[in-house]
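Before any comments, here is the structure.
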Amino acid sequence: MADRVTVIGWDGSALTDVARSALGAATLVAGAAHHLALPEIPPGAERIRLGSVDLAARRIAQHRGSAVVLADGDPGFFGVVRALRVPEHGLEVEVVPAVSSVAAAFARAGMPWDDAQVVVAHSRDLRRAVNVCRAHTKVAVLTSPGAGPAELALLLGPVHRTFVICEALGTDREQVTVLTSDKVADHAWRDPNVVIVIGGSGAAAVRSGPASGTARGALPSGGWIAGRDPGYPGGVRGWALPAPAYATVLGESESQQLRAAQLARLGPRVGDLVWDIGAGSGAAAVETAGFGAAVIAVDRDPDACERTANLARRFAVQLQVVHGTAPEVLEDLPEPDVVRIGGGGAPVVAACAARRPERIVTHAATRDEAEAIGRALEDGGYAVECVLLQSVELDTRVWTERERAVAFMLCGHRPHQ
């Protein structure tokens, strides 16, 4: 095992005395090509091009001497420190931090970032990063080859966002560009880069700055927690709220109790894309978006689409509204993680099952309809749960029955879950 392992963050500025001392004593140095070209590296030190951190960690573990790992930005923030410290390598490291590339990107843009989501994009799971950009108004994306600004923009499709693209931060090739998402795919971008994705209702406005190309955003009121505020949509406490909370009329299939049970089975979370088919008033879509998931609300009724969009603005959540009739309209939508079906019966269920989401949640008014939906789920390869929900609303002034609702709720989930 190496006698000493020091991880040095580098943000393009001059190395600190501590970093110079560690680097000067190194007998092995690992880093990217531009790190290995630094003049402070001793001529006799072994040099390892840092491609696979795991392979580099194994080599460092076998080395006798002082090892240094160079990394861009803060190596403890989505960086190499986590990989080096996994138990299988047995490495104890000292860290010399630097300004993270995310902090640098927001500094170049002249924007606060305590209210931003930060995600890492890889080609194998780029869609999750895109879903966060759909659902939130300010997201910093640490990109990678094959998962850069162009790929982000293409997957966002009709969801309009503004991109602040920071290339080669800390180098003499550094450049900051502000573009709308529909123009991003027309350009080639250098790695590494950080993309700040801004947009949606309530987002800070972005404009190009003076000659440097920096961006500035309107300063929001200060928050109390970094990242997404885990509060309730629109500041209203609770989920599955009654109709008065939405100032609208809820349909028979949108009762509070049914909605609460559906949300519990859907389990929407940050990084998910949820289809809400037959959105109706938009109550279920808004509440789903409140969990931080990206939501596409679909309805064949243009008035329902308008109500859903208005409700989303009122409760300050981000969602995409699509007007069309299922199942035909579903063909061009991006792949969902979970699906709520408010109407359409077995044919819509079958079409959704063909897209292989993790879960499909729907309901039926009659047992015959429930059985038909259950068969469609089973034919699609899903395990099926069905419960009969009955709720009775009471008038507490006289404690008599005011309204009764009965529905079969079905949930299809993949057997391995």
(message) Suppose R0 equals 25 Å. What FRET efficiency, 1/(1 + (r/R0)^6) with r the Cβ-Cβ distance, do ASP11 and ARG269 give to the nearest 0.05?
(response) 0.15
(request) Compute the Rg to Rh ratio over the chain from the alpha carbon atoms, using the Kirkwood formula for Rh, and round to two decimal places. (result) 1.07
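Please give me the summed charge of the neighbours of ALA26: other residues whose Cβ is under 14 Å from its Cβ, Lys and Arg +1, Asp and Glu -1.
On the way: positive: ARG4, ARG20, ARG47, ARG59, ARG64; negative: ASP3, GLU40, GLU46, GLU94.
Every neighbour counted, the sum reads +1.
Of GLU335, GLU306, GLU167, which has the most accessible area with a 1.4 Å probe, and how do the rest follow in descending order?
Per-residue accessible area, sorted high to low, gives GLU306, GLU335, GLU167.
Once R0 is set to 56 Å, what does the formula 1/(1 + (r/R0)^6) return for the Cβ-Cβ distance between ALA316 and GLN62, expressed as a FRET efficiency to the nearest 0.05?
For ALA316 and GLN62, the calculated efficiency is 0.55.
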(message) Between the range 71-112 and the range 42-66, how far is it from one alpha carbon centroid to the other, in angstrom?
(response) 18 Å
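With a 1.4 Å probe and every protein chain kept in, tell me what percent of the accessible surface of the range 323-369 is carbon plus sulfur. Write down the numbers at each step before the final one.
Working: 1030 of 2080 Å².
Carbon and sulfur together cover 50 percent of it.
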(message) Tell me the per residue accessible area of the chain using a 1.4 Å probe; a whole number in Å² is fine.
(response) 47 Å²
(request) Give me the distance in nm between label points sitting 7 Å out from Cα along the Cα-to-Cβ direction at GLU46 and HIS160, one decimal. (result) 5.7 nm
(request) Please list, in chain and number order, the residues 5+ apart from ILE8 or on another chain whose amide H is under 5 Å from its amide H, with Hs placed from the backbone. (result) VAL69, LEU70, ALA71, VAL96
(message) Once you place label points 7 Å from the Cα toward the Cβ at ALA25 and GLU331, how far apart are they in nm?
(response) 6.8 nm
(request) Sort 391-397, 336-342, 88-94 for me by packing, meaning the mean count of neighbouring Cβ atoms within 10 Å per residue, highest on top. (result) 336-342, 88-94, 391-397
(message) I want to check the label-to-label distance for GLU393 and GLU252. Put each point 7 Å from Cα in the C-beta direction and report it in nm to one decimal.
(response) 1.5 nm
(request) Evaluate E = 1/(1 + (r/R0)^6) for ALA365 and GLU88, where r is the Cβ-Cβ distance and R0 equals 51 Å; express this FRET efficiency to the nearest 0.05. (result) 0.40
(request) Rank these residues by their accessible area, most exposed first, probe 1.4 Å: VAL194, VAL249. (result) VAL249, VAL194
(message) Solvent-accessible area of ASP332, probe 1.4 Å, all protein chains present, reported in Å² to the nearest ten, please.
(response) 150 Å²
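The values are calculated or read from the model by the stated rules, or taken from the named source; none is laboratory data. Note that the structure is predicted; figures quoted are calculated from it, not measured. Note that we place each Cβ from the backbone using ideal geometry, even for glycine, and neighbour counts take in every protein chain shown. These accessible areas exclude ligands, DNA and RNA; they are computed on the full protein's heavy atoms, side chains included. Shrake-Rupley method; radii C 1.70, N 1.55, O 1.52, S 1.80 Å.
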